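A.B. asks: Before I ask anything, here is the structure I am working with.
The values are calculated or read from the model by the stated rules, or taken from the named source; none is laboratory data. The model shown is predicted, which means the values in this text are computed figures rather than measured ones. Counting neighbours? That spans all protein chains shown, and the Cβs are built from the backbone with ideal geometry, glycine included. Heads up: the accessible areas ignore ligands, DNA and RNA and are worked out on the full protein's heavy atoms, side chains in. Shrake-Rupley method; radii C 1.70, N 1.55, O 1.52, S 1.80 Å.
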Amino acid sequence: MSLGYLQVAPYNTFYPQLEEYLSQAGIEASVSLWDEPLALGVIDPHDALSHPAGVSDFQAETATRLDPDQFTKFLIPNWFAGESPGSITENPFTVPEVYVAS
């Protein structure tokens, strides 16, 4: 039985406007923190729905890395072709070799 959990993996897609959107959001592609997730909330140990009996705080709150065998490129449909062309033609983020090889 799966209790549900968060898996993280390197960013692995691109689309023409990505460079513009990264700039607007202040995100640097050279900074790679995908494998260092930041916990933004706290699980209430008294709430049976969010914190089932027998699941420790660590188990319930820790993200795991996606198995490289399950890693694929995320494709963005080109719904806005012709609108605001950009310069991104490949993923600007570094993908660890173990994920590239999968």
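A.B. asks: Any residue in the range 1-30 that's exposed (fewer than 13 other Cβ atoms within 10 Å of the Cβ) and at pLDDT below 85: show its pairings with residues that are of a type in the set (G, A, S) and in a loop (DSSP other than H, G, I, E, B) at Cβ separation under 8 Å, as long as the two are six or more apart or on different chains.
C.D. replies: Y5/A63; L6/A63
A.B. asks: Taking the stated definitions as given, is S50 open to solvent by less than 70 Å² (accessible area, probe 1.4 Å), closer than 30 Å to F74 by Cα and either hydroxyl-bearing (S, T, Y) or at pLDDT 65 or above (or both)? Please lay out each step first, then the result.
C.D. replies: Numbers: open to solvent by less than 70 Å² (accessible area, probe 1.4 Å): yes; closer than 30 Å to F74 by Cα: yes; either hydroxyl-bearing (S, T, Y) or at pLDDT 65 or above (or both): yes.
Taking the combined requirement at face value, the residue satisfies it.
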